[in-house]
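This report refers to the structure that appears directly beneath it.
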Amino acid sequence: MTSANYVKGDSIASILNQAMEEGEGLLRLTPTWVPRSFLHPGKRIKLHPEDWYAYGAHRGGIDERWFGSTTEAANDGRVWHEGLSFVSHGGKHFLLRDAVQESGAAIIGQGLFEKYNRWP
């Protein structure tokens, strides 16, 4: 993902609506890989050995995949979006967290949104 295909702020409303319409209410999420310096990488999630340290040995091995995450990973030296799931649509990407802030109940359901006002 590059900054050229990352959508944020007020710009996500139209692409989110397109993604929801074309996906018939389903959003396509990209894989969210999280490295941990204190665990052994990749084997239980069937990553190829060349991908175990994709972010560098100093960051730790990738040993977690998060699904539908709106929570940042609490890792030292993390990148700004670490742990956050992205929605992918038409070659563009935006954070699931931003989508929930934009359309709330339409994405997570009225009950969850009323109770938590976010994806829990």
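Look at (1) out of contact with any Phe, Trp or Tyr (no Cβ under 9 Å at 6 or more places or on another chain); (2) assigned to a helix (DSSP H, G or I); (3) touching a residue at least 12 places away in the same chain (Cβ under 8 Å) and you find that Asn75 fails only one, number (2). Take Phe94 and decide whether it is part of a helix (DSSP H, G or I) and either at pLDDT 95 or above or touching a helix residue (DSSP H, G or I) at 6+ places or on another chain (Cβ under 6 Å) (or both). It is false that Phe94 is part of a helix (DSSP H, G or I) and either at pLDDT 95 or above or touching a helix residue (DSSP H, G or I) at 6+ places or on another chain (Cβ under 6 Å) (or both).
Quick grid of which residues meet (1) of a type in the set (Asp, Glu); (2) touching a strand residue (DSSP E or B) at 6+ places or on another chain (Cβ under 9 Å); (3) at pLDDT 95 or above:
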| site | (1), (2), (3) |
| --- | --- |
| Ala54 | no, yes, no |
| Gly60 | no, yes, no |
| Glu64 | yes, yes, no |
| Ser69 | no, yes, yes |
| Val79 | no, no, no |
| Val87 | no, yes, yes |
| Ala105 | no, no, no |
| Ile108 | no, no, no |
| Arg118 | no, no, no |
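Between a first residue in the range 3-22 that is closer than 11 Å to Ser88 by Cα and among the acidic types (Asp, Glu) and a second residue that is surrounded by 13 or more Cβ atoms within 10 Å (Cβ to Cβ) and modelled with pLDDT under 90, which pairs have beta carbons less than 9 Å apart while being 6 or more apart in sequence or on different chains? Here the result reads none, with nothing in the range 3-22 linked to a residue that is surrounded by 13 or more Cβ atoms within 10 Å (Cβ to Cβ) and modelled with pLDDT under 90.
Yes or no, residue by residue, for (1) under 30 Å from Lys115 (Cα atoms); (2) touching a helix residue (DSSP H, G or I) at 6+ places or on another chain (Cβ under 6 Å); (3) of a type outside the set (A, V, I, L, M); (4) assigned to a loop (DSSP other than H, G, I, E, B):
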position: Ala19; (1), (2), (3), (4): yes, no, no, no
position: Pro35; (1), (2), (3), (4): no, yes, yes, no
position: His40; (1), (2), (3), (4): no, no, yes, yes
position: Glu50; (1), (2), (3), (4): no, no, yes, no
position: Tyr55; (1), (2), (3), (4): no, no, yes, yes
position: Arg65; (1), (2), (3), (4): yes, yes, yes, no
position: Thr71; (1), (2), (3), (4): yes, no, yes, yes
position: Glu82; (1), (2), (3), (4): yes, no, yes, yes
position: Val87; (1), (2), (3), (4): yes, yes, no, no
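Is it the case, given these coordinates, that Ser11 is at pLDDT 95 or above and closer than 26 Å to Tyr116 by Cβ? Against the criterion (at pLDDT 95 or above and closer than 26 Å to Tyr116 by Cβ), Ser11 does not qualify. In the range 54-82, which residues are on the phi < 0 side of the Ramachandran plot, surrounded by fewer than 17 Cβ atoms within 10 Å (Cβ to Cβ) and over 18 Å from the mean Cα position of the chain (by Cα)? Matches in the range 54-82: Ala57, His58, Asp76.
Residues that are of a type in the set (Val, Ile, Thr) and in contact (Cβ under 8 Å) with a residue 24 or more places away in the chain were ranked within the range 23-63; the one that is farthest from Val100 (Cα to Cα) is Ile62.
The values are calculated or read from the model by the stated rules, or taken from the named source; none is laboratory data. Keep in mind the model is a prediction, meaning the values are calculated, not measured. Heads up, the Cβs are rebuilt from the backbone with ideal geometry, glycines too, and the neighbour counts pull from every protein chain shown.
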